[in-house]
Amino acid sequence: MSEDAATLKLNIKALIVFRAVFVTLLLGSSFLLKAGYEKFPYAHALSYLIISLYALTIVYSLLFERIKNLVSFAYTQLVLDVILSIILIFITGGIDSWFSFTLVLTVISSSIVLNKRAGYIIATLSSILYGVLINLQFHSLLPLSSGGIAEMKDYLYNIFIHIVSFYLTAYLSGYLSSRLEKTTQKLEEKDSSLRDLEFFNKEVIESLPGGLFTTDIYGKVLIFNRAAEKITGVQKDSIMGRRIDEALPFFEFPFVVGRREKTIKVYGAQKVIGFTISALRDISEKDTGFIGIFQDLTQLKRLEAEMKQKEKWAAIGELSANISHEIRNPLASLKGSIEILKEDTIPHSKRRKLMDIALKEMERLNGIITDFLTYSRPTAPEFKRVELHGILDETLEILRNIEQNKGNISIKKDYSGNLEVNVDPLKMRQVFWNLGLNAVEAMPEGGELIVSTISSDSAVEITFKDSGTGIKEKDIEKIFYPFFTTKEHGTGLGLAIAYRIIEEHEGMLHVNSSPGVGTIFKVILLKTDGKP
Ligand code: ADP
Ligand code: MG
């Protein structure tokens, strides 16, 4: 059934009930009290009228559920009401009757039950029938109660005010009921769009893949979506309206606003949950509560750990391969030397040479292992306040005298400022040595190494600039990897060690190189208190 039909049905029901109440109260009381009875010309007819009204009420009630055309049903009742009112007016004295207002009531009823138009129709019918009744009375075709003959103009005036009042009533009640109808309609529209909005919000929130909750400012849970239930294992019903930490101690209240990660136990299994809590504000920017969104990161974390483990194994594998390679080369030449030495026939001078080679290879092996240990098992730095110029001087002095330097390399200093910093002096010496040695090794045909320093309030900078071979562009990103080397006897650990040490000192190691022109390595250390 449509909404209009439902309303009409309700209205008709109200009309039937109202009529019954009216009959009982007004006519019943007048019948019992016999008020004005002596004046009613057909007083005895009143009881028949009451009975027939009650009978009609019963008939209407019985028909009520069966009738399909509710509008005609309503019209029938209203028209009958007008006729019965006219009869009532007639038997209670016509022009002298106290009951002409029942016609007014019927007009009001029609515009309420049906509409404005029905109001006018019933007003017209009432006017006609009432006019006819009073006219008949005037022409003495119907008896008068008081017996006094009123004048023509009294009759006309009576008819006139009644007709005016019927139409006025139809107009006013029609106006009011159409207003009411419009307001109701608007309210209903608003209500339904509100319901749509609510539905939409709910669906979106419920369908979100991430957990979502909102609370008021006291931490009482207002929304807890499906994903939230799934992630936490807490049922919505058991948490709604309660303070969140009572049901889920995992979320501490008062909340710490921002992003965090925590572990939670759900049905015996540990879960890593990442969550963000922020303040919930209304349009006027007033805090009304909190909103929390969260995600189950367990799977992600597991994958991450697996990846890390795999990377570790890969790195170990690569490292082992490189070490074996590095160690096998000197071992091979050692073996070769000793095998030749075993033969008695070699001349003394050659024997000596071979022994030198063997010793050198052993030294190299030792060097590789020392380097490797320095790289793979770094000791904790022991910070001391030192002036780095002293350490630099010592390093450069040794570099001047090593065999790789065939005397055609000039080593220059360009110092400025004070390099007093908090560092591990032994480790810094290692860094300078590795950079310096690389520079010298990059200039087999000779060249120039300039070591310059600058210092500011916050940092010191030590630069090694050589005029050597330079580094190929494709190699630049690899030079800090352990075992990356382009040298026949290199270990590829020098820069890796230097990089690690600088990292331990929270400093920076930059490189800038042009093949064929030279290379610049720059060490930057911060002059912070306590630390470097
Ligand atoms: P190694 O010296 O044993 O080769 P390093 O880690 O010290 O190992 O250096 C790695 C590589 O970086 C060198 O093999 C070389 O190719 C390159 N490199 C380092 N310093 C310089 C430099 N000053 N000039 C040119 N190439 C350099
Ligand atoms: Mg080196």
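The values are calculated or read from the model by the stated rules, or taken from the named source; none is laboratory data. Just so it is clear, the model here is predicted, and its values are computed rather than measured. In this analysis, Cβ positions are derived from the backbone assuming ideal geometry, glycine residues included, and neighbour counts consider all displayed protein chains. Accessible surface areas use protein heavy atoms only, side chains included; no ligands, DNA or RNA. Shrake-Rupley method; radii C 1.70, N 1.55, O 1.52, S 1.80 Å.
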Query - Rough spin-label spacing in nm, given labels placed 7 Å along Cα→Cβ, for residue 331 and residue 18 - result: 11.2 nm
Report summary line: Hits for the chain under the membrane-span-like helix rule (DSSP H, Cα axial span at least 27 Å, Kyte-Doolittle mean at least -0.5) are 3-22, 43-64, 70-91, 116-138, 152-207, 298-342, 348-376
Query raised in the report: Using a ≥ b ≥ c from the Cα gyration tensor of segment 317-400 (square roots of the eigenvalues), is it rounded, prolate or oblate, where a/c under 1.5 gives rounded and otherwise the larger of a/b and b/c decides, a/b for prolate?
Result: oblate
Query - Members of 202/236; 220/301; 230/308 lying beyond 19 Å, as alpha-carbon distances in this model show - result: 220/301; 230/308
Report summary line: Share of accessible surface on carbon and sulfur in segment 440-532, whole %, 1.4 Å probe and ligands ignored, is 52 percent
Report summary line: In whole µm²/s, the translational diffusion coefficient that Stokes-Einstein assigns to the chain, given a Kirkwood hydrodynamic radius over C-alpha pairs, 4 °C and 1.567 mPa s, equals 37 µm²/s
Report summary line: A 1.4 Å probe over the protein heavy atoms gives segment 3-187 a carbon and sulfur accessible-area percentage of 72 percent
Report task. Multiply the residue separation of residue 10 and residue 486 by 0.36 nm, subtract the distance between their alpha-carbon atoms, and state the gained length in nm to one decimal. Result -> 161.5 nm
Report summary line: Applying the gyration tensor rule to the Cα atoms of segment 3-187 (axes a ≥ b ≥ c; rounded if a/c under 1.5, else prolate if a/b exceeds b/c, else oblate), the class is oblate
Requested in this report: Express the accessible area of the chain per residue in Å², computed with a 1.4 Å probe while the remaining protein chains stay in the model.
Outcome: 59 Å²
**Report entry** Cα principal axis extents for segment 384-526, largest first, Å
**Finding:** 39, 30, 23
Query raised in the report: Give me the log10 of I(q) over I(0) for segment 209-296 at q = 0.20 Å⁻¹, as the Debye formula computes it from C-alpha points; what are the numbers?
Result: -0.89
